[in-house]
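Taking it in order: structure first as structure tokens, then the write-up.
The values are calculated or read from the model by the stated rules, or taken from the named source; none is laboratory data. Since the model is a prediction, treat every value here as computed from it, not as a measurement. Don't worry about glycine lacking a Cβ; one is built from the backbone with ideal geometry, like all the others, and counts go over all protein chains shown.
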Amino acid sequence: MERLHLEHVLQSVSALESIILRSFGPEGGQVLFTRDTGRVMLSRSGERILTALHLEHPLARMVVECVWKHSTITGDGSKTFVLLLASLLRMIRATAAKEPHMSRLHNSTAAAAEAATARHLADRLLEFALTELDGLIALNVLPHGSRVSLDDITAKTPPEPSFQTLLLSFFHTRLGNVHCEFFRDLMCELLSRWMGKTGQPSSSFRFIDNNFPALHTQVSGLPAVSSRLIEGHVIHRDFATPWPQQNRRPVKAVVFSGYLQPRLLAAGDVLELGGEESVTEDASVVRFSSWTERSLESVIATLQSFGVSVLLCALKQSSAALALAAQAGMGLVECVSDEEMSLFAQLSGVTPVPDSWAVHPEHIATLTFCKPLILGAHRYVHLDFQDAEERLKVKPCSLVICGPGEEQTDQYARAFQAAIRMLLTAWEPVDKTEISTLDVKETFISNKCTSLPTDAISGESACTSCSMHPHQKCVIEPGCVIPAGGTFEFLLHHALHQYDRSCSVSVSISAFVPVSHILANALLSVPRQIYSHNRKRFLQAQTRVMALAPQQSHILGARLRQTDGPPEDGKQSARSCRKDSAALTLLDLGLESVSCKYHLVLAVVQCLTSLLRVNKVLRTHTVLHTTSHKLLSARLESPEDVDKDESP
Amino acid sequence: MQASVPTATRIKMNSSQTTSRLVKKSPSVCTDLPLSSSDVRDKLRLMKELLGSCYGPTARLKQVHNNIGGSVVTTSTSSVLLQAITSSRPVIGLIKSSVLNHVSRFGDCGLFAAVLCLSLVEEAARRGVGNSAAIRAYDRLLALCTGYLQREDCGCRVELDFCSSRSLIALARTVVSSKPTCVLAEPESAHIGRLAVRAFLLTVPCDAPDPVRLGRTVTVPVEGRPVLESAVFPGLLLDAPEHLCGLAGVRGPVRAVLFSASLAGDLGELGDGRIEVHAGVDTDAQILDRLLELGRQALEDGVKLFVCQKVIHPVLQHYLRCGGLIVIERVGVSLMEPLIQLTGAQPVATLHAAIPSAAYGEVHDVSIRHFGSKTMLHLHPAGETAVCSMVLCHRNETMLNELKLVCQKAEHVLRLTLREPWALLGGGCTETLLAAYVRHKSKNDAPEATSALGCSQTEYLLAAEAFCRSLESVAACLEHDGGASVIDLTHAHHWTLPSDVTEQHLEGGTAAALCGCGALESCQKKKWSYLNSECAEFSPAPLSTASPLRQPAVLDSFSAKVNALRVAVETANLVLDVRYVIQDVN
């Protein structure tokens, strides 16, 4: 049994931090892994680095679990997660050590008292983050951000701040300095093909995310710049029959989920040959196999009558099926994966045939072409759907990702998927119930704010109402971005300090003071690491951002929470934020999504709370060769590993 | 940051919970900033020396044998050599896998990619260029190179003329002669080069539908015969079964049938259920009856050639032979496709229906050929079918294996020319020319580049120098006999001087007769500079201004080399970007 002190927690998180730091920020590089199988893996993604570690310490594993959960949803921010967590822990330890009034609780040791204080602080931090953070961000950070439109994805020189810049910054964090522009353009191209003319962007993002394995092909041995988009859909299998040179267009295809040749005997069935009652001339096994062949022939004949020339099958077919299909001039593809089947079904609008002799006209998909395609060492099937553009409002295309080795190709593919997830979080649709508040707020948040005093006031009151409801999920409108390079952290740091001051002035709840203070100072560690190679640049960046943060509007915002401010003030603040955002976009720092950042801070605080609630680690020993059952059952009764009580 | 690193090494591997025998796993080995460790640098240098000494026609061979007494492999081919190398350093594994992937795609220039990549990493470190600056600069210089190679007036690109086979043969010969493990004399390598081009031309279909499908070359290795007996035949060579050894050959159109299903008398696919057979029922006989029925039909339909991918029941075989048929079983799945192409037959897999008449194919005639101890059945195509067989002869097995590999590579390289009908000057001339061009160009665009890359001008120029030196060092690797590598200062071609040549010979223009690629002759007016020595940068003159101009005799594949260049730079960039290594040593 091991008692967990704050020191231990900090130690394991710091160990993770030290690995992460090597690939953090603009000067960061790759981390190279070798598995025990000898496979080499390469990554700059925090999530991959951490999950590949196979940690022993339960606390470290818990942290990795949290990071993993966070980044599978948002696709971004795993390195910042660890940094911020370590920084928060350090702040809490420093605060807990200083707090004298806690140590007189009970007659426990100093360490236990420290732990109790830390836990208490973490709980309050979580409560604060859940209730106040969204409001603070909406009020103090969003005015400096701007909304990125998805209309001009493929434009070569779009107006700043653009969607392209957001993607470029993301690829910078994942792939280093080279190929970022190339992959950004490829990504924009991909998105513009898959985004319908109508409908939510987030639904397109979700579609790509869900179908990503079937939508891309990895090719090793070619340089990254050979990556490209190809029209239509790629099935990652080859024709099992010699491919017929057909000139017939359009091509008709049918998808089978079962066997073409009927399986006479299911598992468990028994075929009796030569029993007493059936001793006839015909009762030979030949009769049965010839029956299955005849029914296969009739299936092929039916397909021929429909003019079908391509068969896609989920299962491996018998050699008779292959030969008959070849004789009928059909191309047959077997062992098509489930993902590809489902994507094919979605894009073509037909359902797979479960029973080979029940083929109906509605099972037949129409393709413009279907031919073999050689990518790298493999031959695949390449096809395109007829009238997909009218039917689905998208142009189906498939992504080919190239890299010199498997490791790099894999890394590029993962970066793509993570980028999609990041966009999904950034363009997360707001719940219907919140739309009404958002409509009003748009005037305040986006650049289009009018100087009508009434609007501004209602916007502010909306903010106030948000912060009153702790269960409000998200107040950040889709597609809101802010310059990268620590701007978010600087602004939130500033806002928290302002909030801190106003709270201590107007409301005398001393309990809130250290919490927002801790978060504010912890946040600064992120830009400090970004500029770790050059301290001067850190100060420069901080001054630049701080110069833009309007002093009075925050006090105003905080005051508004208590009392309705006069209309003139609202007008003033609205005007000031417009000017600031224009000034901020001049900084050449790239962009990041505000929504991702908000989710990140929230996730870190949640992780912190659950970490500090653990007080002991029980190390159980697995018995290798059980000689005594009694011993085993005794072991089983003891709790598994750690008493992890996850925070809600 | 440095101080907190040791704590990271304390993180241990999670012991596996699923296996029954639990062994505590040893902790991962972590290396911070691997490129600054002297051990890694030594290993990279060693690797460069090892691979560099295998490069080119006069390369030194390597023998690979493992510590448990396995077979000894003699090779200088990158694909074989790299697969044999294992290193405790994952950085080397990274380079290895990139190069192997390149070779599997393009079949050539593997050693070029490996040596260039290692050299780029080494030079950047030696010159003290910051890693991220080097990466950005290398990327830009690579774009400069590939842009130049795609240009119309590129000095090292030669257009391939498909009207004459001369440049194709030069290309094939360069591939063949760059693999000294084959131990080929001059006429032998010329012969193999010509055979490779002939086989390639036979596999290009004449009446090409869209898209073009190239045919197949089936290689038949024959051990113990002189290399000059190697030959290429249109059609297919199959191992002849023993009963046919006395056959004189079958004239006239021969009807053929191909079976892709087994004719051994096993049960058809009925499902996963059980079959219970009562006494007195002979299922084997029932199935055999059915097979004989098929045989009878084949006989009646006038089939003369009966081929099965899998096993044929001995009784059926005997029956068919008695009927005068040529029976071939177990040809395997890889030969089925060329057989289908050659005969035009549809493979049959249904045993219970009559053979459809459309399934029959035809060959022009069948003859018996003897190669050393081997007896082969030669199927002549009825029409033009793009299938050919290549018989390769060599004295012993090691050399024969390498020769097979070389011929495959030559075929691959020749096929690549169909997509990009160019070749690059060989013999190191492309490398020196590119280096001269990049050196000249980077001096001129340094101000523009530094603003685009966000690094200082010094850093950019240092990185450019590292890049050029790396290219030149690959050219210098071609020389293994103590000679010196020089370039001329007009065309920037690569020349090799024997070790006994002095400065005076060089000035007099009598030292080397021809440049590396054989396009230029030495003359007195030329100015020279040793490779890897300081010299003024200059813009290489186009080849057309040279006199006398000869046909280049050494050519490299354009597609393979350009890809190798890209892969080398990208991999070097990746290696330079690695900041932390975590190694699972279990």
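Identify, please: which residue in region B:438-452 is of a type outside the set (G, A, S) and crowded, with 20+ Cβ neighbours inside 10 Å and is, among those, farthest from B:Y530 (Cα to Cα)? Ranking the qualifying residues of region B:438-452, first place goes to B:V438.
Kindly provide the set of residues from region A:383-410 that are acidic (D, E) and more than 14 Å from chain B (Cβ to nearest Cβ), ordered by number. Can you show your working first?
Of all residues in region A:383-410, those acidic (D, E) come to A:384, A:387, A:389-390, A:406-407, A:410.
Those that are acidic (D, E) and more than 14 Å from chain B (Cβ to nearest Cβ): A:D384, A:D387, A:E389, A:E390.
Please give the helices (runs of 4 or more DSSP H) falling wholly within region B:416-502 in which 3 or more residues are more than 23 Å from the chain's Cα centre (by Cα) and free of Cβ contacts under 8 Å to residues at least 40 places away in the same chain.
Values: elements: B:429-444, B:446-453, B:457-476.
Because the criterion is at least 3 residues that are more than 23 Å from the chain's Cα centre (by Cα) and free of Cβ contacts under 8 Å to residues at least 40 places away in the same chain, the helices (runs of 4 or more DSSP H) in region B:416-502 that meet it are B:446-453, B:457-476.
If the condition is being closer than 21 Å to A:S295 by Cα, more than 8 Å from every other protein chain (Cβ to nearest Cβ) and basic (K, R), then region B:254-308 contributes no residue at all.
Here region A:1-34 is the region considered, the condition is being over 23 Å from the mean Cα position of the chain (by Cα) and among the charged types (D, E, K, R), and the residue that is surrounded by the most Cβ atoms within 10 Å (Cβ to Cβ) is A:E27. Each residue in region A:290-316 was checked for being in contact (Cβ under 8 Å) with a residue 12 or more places away in the chain and either touching a His at 6+ places or on another chain (Cβ under 7 Å) or part of a strand (DSSP E or B) (or both), and 5 of them qualify.
Among the residues of region A:15-46, those identified as part of a helix (DSSP H, G or I), free of Cβ contacts under 8 Å to residues at least 40 places away in the same chain and not β-branched (V, I, T) are A:S18, A:G46.
Going by what's in this entry, would B:S38 be described as more than 30 Å from B:K409 (Cα to Cα), exposed (fewer than 13 other Cβ atoms within 10 Å of the Cβ) and either at the interface with another protein chain (Cβ under 10 Å from one of its Cβ atoms) or modelled with pLDDT of 75 or more (or both)? Quick ask: steps written out before the conclusion?
Numbers: more than 30 Å from B:K409 (Cα to Cα): yes; exposed (fewer than 13 other Cβ atoms within 10 Å of the Cβ): yes; either at the interface with another protein chain (Cβ under 10 Å from one of its Cβ atoms) or modelled with pLDDT of 75 or more (or both): yes.
Yes; evaluated as a whole, the condition is true for this residue.
Within region A:591-612, being surrounded by fewer than 23 Cβ atoms within 10 Å (Cβ to Cβ) and of a type in the set (S, T, N, Q) holds for A:Q606, A:T609, A:S610.
Residue by residue through region A:47-59, note down the ones that are outside any loop (DSSP other than H, G, I, E, B) and either facing chain B (nearest Cβ under 7 Å) or without any contact (Cβ under 8 Å) to a residue 24 or more places away in the chain (or both). Please lay out each step first, then the result.
The first filter runs over region A:47-59 and keeps only residues outside any loop (DSSP other than H, G, I, E, B), leaving A:47-51, A:58-59.
Hit for region A:47-59 is A:T51, nothing else.
Among the conditions (1) of a type outside the set (A, V, I, L, M); (2) buried (at least 17 other Cβ atoms within 10 Å of the Cβ); (3) over 30 Å from A:D185 (Cα atoms), the only one that A:E127 does not satisfy is (2).
Taking the criterion of being under 29 Å from B:L299 (Cα atoms), more than 14 Å from every other protein chain (Cβ to nearest Cβ) and outside any strand (DSSP E or B), the residues of region B:352-396 that qualify are B:H364, B:D365, B:H380, B:P381, B:A382, B:G383, B:E384. When A:R263, A:R249 are screened for being facing chain B (nearest Cβ under 9 Å) and modelled with pLDDT of 70 or more, only A:R263 passes.
Examine region B:64-73 for a residue that is modelled with pLDDT under 90, surrounded by 14 or more Cβ atoms within 10 Å (Cβ to Cβ), within 14 Å of another protein chain (Cβ to nearest Cβ) and in contact with a strand residue (DSSP E or B) (Cβ under 6 Å, 6 or more places away or on another chain), and state whether such a residue exists. No, there is no match, as no residue in region B:64-73 is modelled with pLDDT under 90, surrounded by 14 or more Cβ atoms within 10 Å (Cβ to Cβ), within 14 Å of another protein chain (Cβ to nearest Cβ) and in contact with a strand residue (DSSP E or B) (Cβ under 6 Å, 6 or more places away or on another chain). Selection of region B:563-586 for residues being at the interface with chain A (Cβ under 7 Å from one of its Cβ atoms), part of a helix (DSSP H, G or I) and more than 12 Å from B:A114 (Cβ to Cβ) yields B:N563, B:R566, B:E570, B:N573, B:L574, B:D577.
Quick check on B:A114: is it among the aliphatic types (A, V, I, L, M) and at pLDDT below 90? Answer is no for this residue. Just a yes or no: is a residue in region B:54-63 among the basic types (K, R), outside the structural domain of B:D556 (by TED's automatic domain parsing), more than 18 Å from the chain's Cα centre (by Cα) and over 26 Å from B:E459 (Cα atoms)? Taking every residue of region B:54-63 in turn, at least one turns out to be among the basic types (K, R), outside the structural domain of B:D556 (by TED's automatic domain parsing), more than 18 Å from the chain's Cα centre (by Cα) and over 26 Å from B:E459 (Cα atoms).
Could you list all residues from region A:69-100 that are assigned to a loop (DSSP other than H, G, I, E, B), surrounded by fewer than 23 Cβ atoms within 10 Å (Cβ to Cβ) and either of a type in the set (D, E) or in contact with a Pro (Cβ under 9 Å, 6 or more places away or on another chain) (or both)? Step through it out loud before you land on a result.
Kept after step one, since they are assigned to a loop (DSSP other than H, G, I, E, B), are these residues of region A:69-100: A:75-77, A:99-100.
Then drop every residue that is not surrounded by fewer than 23 Cβ atoms within 10 Å (Cβ to Cβ), which leaves A:99-100.
Residue satisfying the conditions is A:E99 alone.
Within region B:104-143, the set of residues being within 21 Å of A:V225 (Cα to Cα) and at the interface with another protein chain (Cβ under 8 Å from one of its Cβ atoms) comprises B:S104, B:R105, B:F106, B:S132, B:I135, B:R136, B:D139. Taking the condition closer than 30 Å to A:A112 by Cα, touching a helix residue (DSSP H, G or I) at 6+ places or on another chain (Cβ under 7 Å), more than 14 Å from every other protein chain (Cβ to nearest Cβ) and at pLDDT 85 or above, does A:V67 pass? Answer is yes for this residue.
Which residue out of A:V178, A:V219 is within 12 Å of chain B (Cβ to nearest Cβ), closer than 26 Å to A:I482 by Cα and not in a helix (DSSP H, G or I)? Before the answer, list the steps.
Values: A:V219 fails: closer than 26 Å to A:I482 by Cα.
Result of the check over A:V178, A:V219: A:V178.
Residues that are modelled with pLDDT under 85 number at least 1 in the following strands (runs of 3 or more DSSP E) confined to region B:234-303: B:274-277. Scanning region A:374-419 for residues that are assigned to a helix (DSSP H, G or I) and either modelled with pLDDT under 90 or crowded, with 21+ Cβ neighbours inside 10 Å (or both) yields a total of 15. Of the listed requirements (1) of a type in the set (D, E); (2) farther than 16 Å from B:I355 by Cα; (3) within 14 Å of another protein chain (Cβ to nearest Cβ), B:E329 misses just one: (3).
Yes or no: B:R60 surrounded by fewer than 18 Cβ atoms within 10 Å (Cβ to Cβ) and either of a type in the set (S, T, N, Q) or on the phi < 0 side of the Ramachandran plot (or both)?
Values: surrounded by fewer than 18 Cβ atoms within 10 Å (Cβ to Cβ): yes; either of a type in the set (S, T, N, Q) or on the phi < 0 side of the Ramachandran plot (or both): yes.
So B:R60 fits the description; yes.
One residue stands out among those in region B:152-199 that are in a helix (DSSP H, G or I) and charged (D, E, K, R): the one that is surrounded by the fewest Cβ atoms within 10 Å (Cβ to Cβ), which is B:E186. Do you know which of the residues in region B:309-327 that are surrounded by 17 or more Cβ atoms within 10 Å (Cβ to Cβ) and within 15 Å of B:L291 (Cα to Cα) is nearest to the chain's Cα centre (by Cα)? By that ranking, first place goes to B:K310. The residues on offer are A:T51, A:T37, and the sole one that is in the same structural domain as A:T117 (by TED's automatic domain parsing) and surrounded by fewer than 17 Cβ atoms within 10 Å (Cβ to Cβ) is A:T37.
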